[in-house]
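Just below is one structure, and these are the notes that go with it.
The values are calculated or read from the model by the stated rules, or taken from the named source; none is laboratory data. Just so we're clear, the structure is a prediction, and the values are computed from it rather than from any experiment. Here the Cβ is made from the backbone with ideal geometry for all residues, glycine too, and neighbour counts use every protein chain on show.
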Amino acid sequence: MDRVIRVRRVRERLALAALGRVQSRQVAEAALLARVGSLLGGVAAGLMAADAASARARADAVLGRLADDVGQRLAVTREDQQRLAQGLARARAAVDAAVARRSGSGDEL
């Protein structure tokens with residue numbers, strides 16, 4: 001029974017570490033999305049030459065695609081975070097149940 005508890009605690013720590021990695025990735029992707037958003041902020045055309053305006057439009061299109069990609073990755077990261085949080089909750093419940101069984105069997109002796 002002690003081995004079962006140790007194994008479950010190891011799994012709990014692994015799940016917690018995985019959740020931490022996902023949260024770090026989520027923060028990094030949110031920062032990247034904010035940076036891309038700031039780059040997309042428009043500039044008044046004014047007297048800009050046609051070729052410069054065309055280059056700006058192409059650059060904005062690339063940044064827009066990048067923003068979409070980062071947004072999709074952030075959504076996947078959030079789904080991973082939810083999945084790992086559920087796994088962590090299951091691991092903690094398994095440890096608690098094993099400890100409860102262990103303490104219950106100790107009372108009977």
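Listing for the model above:
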| quantity | calculated |
| --- | --- |
| First in the stretch 53-64 and free of Cβ contacts under 8 Å to residues at least 40 places away in the same chain and surrounded by 12 or more Cβ atoms within 10 Å (Cβ to Cβ), second anywhere and assigned to a helix (DSSP H, G or I) and of a type in the set (A, V, I, L, M), Cβ under 7 Å, 6 or more apart | Asp60/Leu40; Leu63/Val36; Leu63/Leu39; Leu63/Leu40; Gly64/Leu40 |
| Checking Arg13 against (1) more than 30 Å from Gly64 (Cα to Cα); (2) surrounded by 15 or more Cβ atoms within 10 Å (Cβ to Cβ), the condition it does not meet | (2) |
| Any hit, the stretch 21-34, residues being modelled with pLDDT under 85 and either exposed (fewer than 14 other Cβ atoms within 10 Å of the Cβ) or touching a Phe, Trp or Tyr at 6+ places or on another chain (Cβ under 8 Å) (or both) | yes |
| The stretch 65-101, residues that are surrounded by 14 or more Cβ atoms within 10 Å (Cβ to Cβ) and farther than 27 Å from Val27 by Cβ | Ala94, Val95, Ala98, Val99 |
| Residue tally, condition of a type in the set (Ser, Thr, Tyr) and touching a residue at least 60 places away in the same chain (Cβ under 8 Å), over the stretch 68-109 | 1 |
| Residue list for the stretch 64-109, restricted to those being acidic (Asp, Glu) and farther than 25 Å from Glu12 by Cα | Asp68, Asp69, Asp107, Glu108 |
| Qualifying position, being at pLDDT 75 or above and farther than 30 Å from Gly104 by Cα, among Gly64, Gly41, Gly37, Gly46 | Gly64 |
